[in-house]
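Chemist: First the structure, which I've put down as structure tokens, then a few questions once you've had a look.
The values are calculated or read from the model by the stated rules, or taken from the named source; none is laboratory data. In this text the structure is predicted, and so the values were computed from the model without any measurement. All Cβ positions, glycine included, derive from the backbone under ideal geometry; neighbour counts span all protein chains shown.
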Amino acid sequence: MQSSNKDNSKKTKLSAFMIMLLIPAMILITYKMGIRQYYLTSLMVIIMTMVPFFMSFEQRKPQAREVVIIAVLTAMAVASRAAFSMLPHFKPLIAIVIISGIALGGEAGFLVGSLSGFLSNFIFGQGPWTPFQMFAYGIAGFLAGVIFAKKDFVTRSRNKKDLLKLSFFGYLMIQLFVGPLLDICGILTLASVINLETIGAMFISGLPVNFIHGLATFIFLYVLARPLLEKIDRVKTKYGILK
Amino acid sequence: MKFDSYHPTINFLYFTSVIVMSISFDHPVFLVMSYVMSYLYSAKLYGKKAFLGNLLTVPFIIFFAWFYSYYNHFGVTYLSQNFTENYITLEAVIYGAVIGIKISSVIMWLECVFEILCTDKVIYLFGRLSPKLSLFISITLRMVPRVIARAKKINTAQRGIGRGAGQGQIVEKVKNSIRLVSMTVTWTLENLVDSAVSMKNRGYSLKGRTAFSIYRFDNRDRIIVIILMWMIFLITFGYLLDQTNITYDPMIIMNKITPVSCVFYISYFIFGMLPLMLQVYGEKKFAMQRKKA
């Protein structure tokens, strides 16, 4: 599908490059001008990083079926977060995001992740953490897609060893990336003085939360990955989506 | 007439600017004003419950000031020593309270945002930037309650044959829940082709498609935009004149309050109270006309 829109993908790449230049420029400007608005600066950086992903979706002219299947997966991720609302931090959302990244590729994974973060916050409350959540979840889906998508994971997920690897990837993703990023958001919004002490305190207080979240992701990936991947694969072959 | 009867761009402009202002203004007058205004407006929108619930921010502010002063020791006015024999300073206590007030007023403004900016409006606003994405978001938003309703339906049917999600021992319960999830997923994925076909039949991906919206920009909106812009202009002017800033570290230093600074206070007051005033005015007007009729 992308090859038919070569101009568009070029445009997207160009804009991605521009943004890559813009981000350090903006950080430099805010630093030189002495504006100590850490949260606003990082917010801008995060929004700028997300823009190329959304732009590529906009310019790719996705088929109706493709749009709907991504929407279904996003809806399931949101519904899963709502269904487990009584257990704090024990959520299958990231597991579903990672699975959709694997099944549909990195870009779709990013969309599912970031938008399920955004939309589920309509239920749980939007706030200064929303863009950070969108970014963290989106990157989780994107990396899952980039790392696992090309290896025909549907057949490999029947193998216990590969499944364990995948689940462990999900756990690491939370513990090393998603969790710390949300902790950084907490530092930027709550701590007024940013030094090593406050950063350390925030990361340590985030550890158990991230552990529970990561454990949940591990368990849900182990349970859900194979059946979900098979179901998505079946629909893909049956109706010729994303081929 | 709530503030949400105005155009979504106005709602968006108003709330982003008012939240940015409440975050970035340190001056006590502005702080107290944004706290009181957000308190009043959320109480107006949600009634008694929010009025009482917002009272919880007061202990939060006190707690935060105490917490902050225990771990930050800048300032010149020493009050006492804490258990680790660090000095607790007046400046740190006050600055902690300032942060507490900021956080609570932003939370209260966000409460109002939830009430005013519904998902319809969010989609309308984003639709301008990215039509495909907003279509996608609206599909997803509709899909979530549909998935949940479908899961309930399946569960009801399964309960009939003794396999409901809540039936049996713990192992059975888990097994039944997994089966329920599996069935819901299969059904939803199979049905998505229907929606895709109907999208295509209604002209998805054809040129010249427009998105429906019930919002239009009328004269009433224009008046509000002009007022808002004037207020934002005046407040920005005050910001540039350092009227909204104050130094807490190491000493509390602030600019003198002059007659000119009252202009900025008044404009901030008008800006913050605008939605509340519009709502009260609209209600009064409606009541008057009802009496007449």
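Chemist: Tell me, please, whether a residue that is assigned to a helix (DSSP H, G or I), without any contact (Cβ under 8 Å) to a residue 60 or more places away in the chain and at the interface with chain B (Cβ under 10 Å from one of its Cβ atoms) can be found in segment A:167-187.
Modeler: Looking through segment A:167-187, none of the residues is assigned to a helix (DSSP H, G or I), without any contact (Cβ under 8 Å) to a residue 60 or more places away in the chain and at the interface with chain B (Cβ under 10 Å from one of its Cβ atoms).
Chemist: Test residue B:31 against the criterion of being in contact (Cβ under 8 Å) with a residue 24 or more places away in the chain and closer than 14 Å to residue B:100 by Cβ, and give yes or no.
Modeler: Considered against the rule, which asks whether it is in contact (Cβ under 8 Å) with a residue 24 or more places away in the chain and closer than 14 Å to residue B:100 by Cβ, residue B:31 comes out as yes.
Chemist: Can you pull out the residues in segment B:252-279 that are in contact with a helix residue (DSSP H, G or I) (Cβ under 7 Å, 6 or more places away or on another chain) and part of a loop (DSSP other than H, G, I, E, B)?
Modeler: Matches in segment B:252-279: B:252 only.
Chemist: Now for a separate question. Residue B:45 passes all but one of (1) outside any loop (DSSP other than H, G, I, E, B); (2) without any contact (Cβ under 8 Å) to a residue 40 or more places away in the chain; which number fails?
Modeler: (2)
Chemist: Find the residue count for segment A:74-106, including only residues that are crowded, with 24+ Cβ neighbours inside 10 Å, free of Cβ contacts under 8 Å to residues at least 60 places away in the same chain and in contact with a Ser or Thr (Cβ under 8 Å, 6 or more places away or on another chain).
Modeler: 7
Chemist: Of everything in segment B:107-134 that's free of Cβ contacts under 8 Å to residues at least 60 places away in the same chain and among the hydroxyl-bearing types (Ser, Thr, Tyr), which residue is surrounded by the fewest Cβ atoms within 10 Å (Cβ to Cβ)?
Modeler: Going through the qualifying residues, I end up with B:119.
Chemist: Related question: Take segment A:195-230 and flag every residue that is in contact (Cβ under 8 Å) with a residue 12 or more places away in the chain, surrounded by fewer than 17 Cβ atoms within 10 Å (Cβ to Cβ), over 15 Å from residue A:89 (Cα atoms) and away from chain B (no Cβ under 12 Å).
Modeler: A:199, A:203
Chemist: Still on this model: Going residue by residue through segment A:103-119, is there one that turns out to be modelled with pLDDT of 85 or more and among the aromatic types (Phe, Trp, Tyr)?
Modeler: Taking every residue of segment A:103-119 in turn, at least one turns out to be modelled with pLDDT of 85 or more and among the aromatic types (Phe, Trp, Tyr).
Chemist: From B:157, B:92, B:165, which residue is over 30 Å from residue B:63 (Cβ atoms) and surrounded by 19 or more Cβ atoms within 10 Å (Cβ to Cβ)?
Modeler: B:165
Chemist: Looking for whichever is assigned to a loop (DSSP other than H, G, I, E, B), modelled with pLDDT under 85 and surrounded by 13 or more Cβ atoms within 10 Å (Cβ to Cβ) here; the options are B:242, B:249. Which one fits?
Modeler: Within the list B:242, B:249, the selection yields B:249.
Chemist: Given B:205, B:213, which one is away from chain A (no Cβ under 14 Å), in a loop (DSSP other than H, G, I, E, B) and surrounded by 11 or more Cβ atoms within 10 Å (Cβ to Cβ)?
Modeler: Residue meeting the stated conditions: B:213.
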